[in-house]
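Input: a single structure, listed below in structure tokens.
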Amino acid sequence: MYVRDRMTKNPYCIQASAGITELMGLMREKNLKKVPVLDGEKVVGMITSGDIEKVSPTKATSLSVFEINYLLSKIQVKDAMTRQFTAVSPDDLIEDAAVEMRAKRVNAVPVIQDGKLVGIMTESDLFDALIDVMGARVVGTRFVVSTKDKEGVLSEVCTIISNHGVNIIHLAVVRHDEDNSAELILRVDSINVEEILQEIESRGYTVSGVAKNRG
């Protein structure tokens, strides 16, 4: 799965020369937390509500509302934006984007192609991707098979399921290096899985976390 498949396309953005009050109105109206900043078509920064707070008068100020608004009207987006930012390409794998965002401790990154902004990848986009990868909204049964991390386990479990005429629609593997164990997280397209689970356990595996989604 690539960034282009999950990113928010045509994101809201703002020019670096725009006033900070214009940005505040945009963020309030569209319920935005982070906005890419452009100079023409080039991405030159990112700005957040936290950045705005840093250049705004504090709540403890003795200034009047009119004075505060006057001061804010003199501030441009480029005065408050973060110039050092992380960006990704639409051709990057989504897991690579997630690793980069985690490493840099950011909750959104601009997606740039040929020097132009084509999207934004946010934590919400990543959460939606995880939900889809795990098939959380799909009718069927999800269960976890605990086993030693060894060759042939995945093949054997998948064969058991296939022999019962049931399809695996989502699959993930979580490895635990400390005790050389693993968990197979499977979702199949049937809610009638009792015989399947019994056969898997008869082969020495432990089945847990059985959850059925009937739609």
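The values are calculated or read from the model by the stated rules, or taken from the named source; none is laboratory data. Remember, predicted model here, so these are calculated numbers, not experimental data. Neighbour counts run over all protein chains shown; Cβ positions are idealised from the backbone, glycine included.
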Run down 136, 98, 103 and say which single residue is surrounded by 13 or more Cβ atoms within 10 Å (Cβ to Cβ), aliphatic (A, V, I, L, M) and under 20 Å from residue 3 (Cα atoms). 98
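Per-residue answers, yes or no, for (1) outside any helix (DSSP H, G or I); (2) at pLDDT 95 or above; (3) of a type outside the set (Phe, Trp, Tyr):
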position	(1), (2), (3)
22	no, no, yes
25	no, no, yes
28	no, no, yes
32	yes, no, yes
38	yes, yes, yes
51	no, no, yes
Please give the number of the condition residue 132 fails out of (1) at pLDDT below 95; (2) closer than 30 Å to residue 45 by Cα. (2)
Go through the range 16-42 and give me each residue that's surrounded by 21 or more Cβ atoms within 10 Å (Cβ to Cβ) and either farther than 12 Å from residue 85 by Cβ or touching a residue at least 40 places away in the same chain (Cβ under 8 Å) (or both). 20, 23, 34, 36, 37
Take residues that are out of contact with any Gly (no Cβ under 9 Å at 6 or more places or on another chain), assigned by TED's automatic domain parsing to the domain that holds residue 31 and without any contact (Cβ under 8 Å) to a residue 60 or more places away in the chain and tell me which of the helices (runs of 4 or more DSSP H) falling wholly in the range 110-215 contain 2 or more. 123-133
